[in-house]
1. Show me the ranking of peptides 27-37, 66-76 by mean Cβ neighbours inside 10 Å, starting with the highest.
2. Just flag the GluC sites (Glu not before Pro) in segment 18-106 sitting in loop per DSSP whose Cβ has no more than 11 other Cβ atoms within 10 Å.
3. Grab every C-alpha pair in segment 1-102, bin the distances at 5 angstrom width from 0 up to the longest one, and report whole percents.
4. Given all pairs of different Cα atoms, what value in angstroms does the Kirkwood hydrodynamic radius of segment 29-86 take?
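Derivation of every value follows stated rules applied to the coordinates shown; laboratory data play no part. As the structure is a prediction and not an experimental result, all values here were calculated from the model. Every residue, glycine among them, receives a Cβ derived from its backbone with ideal geometry; neighbour counts consider all protein chains shown.
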Amino acid sequence: MTHWTSLKGQVVDLLGVEQDLLHAPLGLMLFALLAVALRRRRNRFGLAVVGVFGLQLVNEIFDAVQWVIWTGRIPWAEAAQDTLVTLALPVVILAILSVHRHLKGRAATQGAAVAAHGPARHLRP
């Protein structure tokens, strides 16, 4: 497990952020990489969020083992905070893309209805 801790320290040094803030950019980068890797899937953004969540859980399991070895306890609040910070931006992006897709679908449906039936005509009194 010390290799895991060492790797995380190197990533912190590389990105130049504090370890508490490391989760936000890594969550966003993982989301983007997974979305690109899954680009042929219709639900790629949802799957990318699920993938980020899964990888974050693995990270927290490794961290929990380290904490038990070091202190004999698991800091649950810190684990929850790390998970929320990791998922925040991917979930916001997923929500924006979902709303955009919904609005785009509504516009296409309304456009098809106008094309099929013509524009609505006002009745003369």
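1. Final packing ranking: 27-37, 66-76.
2. GLU18
3. Each 5 Å bin holds this share of Cα pairs: 2, 13, 20, 22, 18, 12, 8, 4, 2, 0.
4. When all Cα pairs of segment 29-86 are included, the Kirkwood radius is 12.5 Å.
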